[in-house]
Amino acid sequence: GNGTTISGTVTNAGTIRLVNASLTLKGDGLLVLVNLPGALVDMQSDVGISYYYQTEVMVNQGTVRKSGGSGTSVISPRLSNSGTLDAQSGTLNLSGGYTLTGGTLNFGISGAASYGKINLAGAAALTGTLSANLNNGFVPSRGNSFAVLNYGSQSGSFGNFILPARDAWSTN
């Protein structure tokens with residue numbers, strides 16, 4: 001297949017760049033990809049992270065970013081996020097289980113119809129921080145709307161918001 005498979009437990013303290021191939025986590029029983037604080041997993045196109053045995057998990061304490069591609073990047077392993085999930089373009093789709101406790105969901109907004117999105121499969125227990133950044137000098141106009149987060153159902157709420165020009169934003 002088109003991609004890279006890593007076996008065993010991997011701890012990332014630097015940068016993993018997925019440019020034109022997806023990453024598959026393969027472990028007998030349970031494999032963990034730990035992305036440490038300050039570390040980056042950067043999906044630079046419509047590539048994703050999948051699993052082999054469907055029991056592998058990913059722990060993000062740093063940043064998992066989709067920085068390129070207008071399509072969807074799927075993260076299939078169960079994801080525990082206490083770091084930042086950062087959708088700068090296209091859609092970051094968490095198709096497996098996930099916990100967001102203590103983490104941040106960040107969205108890059110490049111234009112009225114050009115912004116990153118995150119899909120959370122099933123029932124989303126919202127917690128942590130929701131943030132956004134504006135790219136390339138874009139300034140939203142009054143009445144602009146950005147549907148950045150999709151989920152089946154929702155419980156809880158974000159405890160913190162870090163948004164540009166805070167008085168100009170409302171969330172629903």
Where a residue in the stretch 74-98 is in contact (Cβ under 8 Å) with a residue 60 or more places away in the chain and its partner, wherever it lies, is among the charged types (D, E, K, R), with Cβ under 6 Å and at least six apart: Ala87/Lys66; Ala87/Lys117
Any residue that is closer than 22 Å to Asn135 by Cβ, part of a loop (DSSP other than H, G, I, E, B) and hydrophobic (A, V, I, L, M, F, W, C) - is there at least one of those in the stretch 3-13? no
Can you tell me which residue is most open to solvent (accessible area, probe 1.4 Å) among those in the stretch 86-97 that are in a strand (DSSP E or B) and touching a Ser or Thr at 6+ places or on another chain (Cβ under 7 Å)? Asn93
Applying the selection to the stretch 36-62, what residues are over 15 Å from Thr99 (Cα atoms) and part of a strand (DSSP E or B)? Leu40, Val41, Asp42, Met43, Ile49, Ser50, Tyr51
Evaluation of Gly38 against (1) buried (at least 19 other Cβ atoms within 10 Å of the Cβ); (2) under 25 Å from Thr127 (Cα atoms) (one fails), failing number: (1)
Taking the condition under 26 Å from Leu23 (Cβ atoms) and polar (S, T, N, Q), does Ser155 pass? no
Criterion first (under 13 Å from the mean Cα position of the chain (by Cα) and in a strand (DSSP E or B)) does Leu25 satisfy it? no
How many of the residues in the stretch 109-125 are in contact with a Gly (Cβ under 6 Å, 6 or more places away or on another chain) and more than 17 Å from Asn93 (Cβ to Cβ)? 1
Considering only the stretch 141-157, I want to know if a residue exists there that is without any contact (Cβ under 8 Å) to a residue 60 or more places away in the chain and touching a Pro at 6+ places or on another chain (Cβ under 7 Å). no
Of the candidates Gly111, Gly102, the one satisfying the condition of being open to solvent by 50 Å² or more (accessible area, probe 1.4 Å) and not charged (D, E, K, R) is Gly102
So which strands (runs of 3 or more DSSP E) are wholly in the stretch 120-172 and hold at least 2 residues that are open to solvent by less than 40 Å² (accessible area, probe 1.4 Å)? 129-134
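The values are calculated or read from the model by the stated rules, or taken from the named source; none is laboratory data. As the structure is a prediction and not an experimental result, all values here were calculated from the model. Cβ coordinates were reconstructed from backbone atoms using ideal geometry, including for glycine residues, and neighbour counts include every protein chain displayed. To get the accessible areas, we keep the full protein, side chains included, count just its heavy atoms, and leave off ligands, DNA and RNA. Shrake-Rupley method; radii C 1.70, N 1.55, O 1.52, S 1.80 Å.
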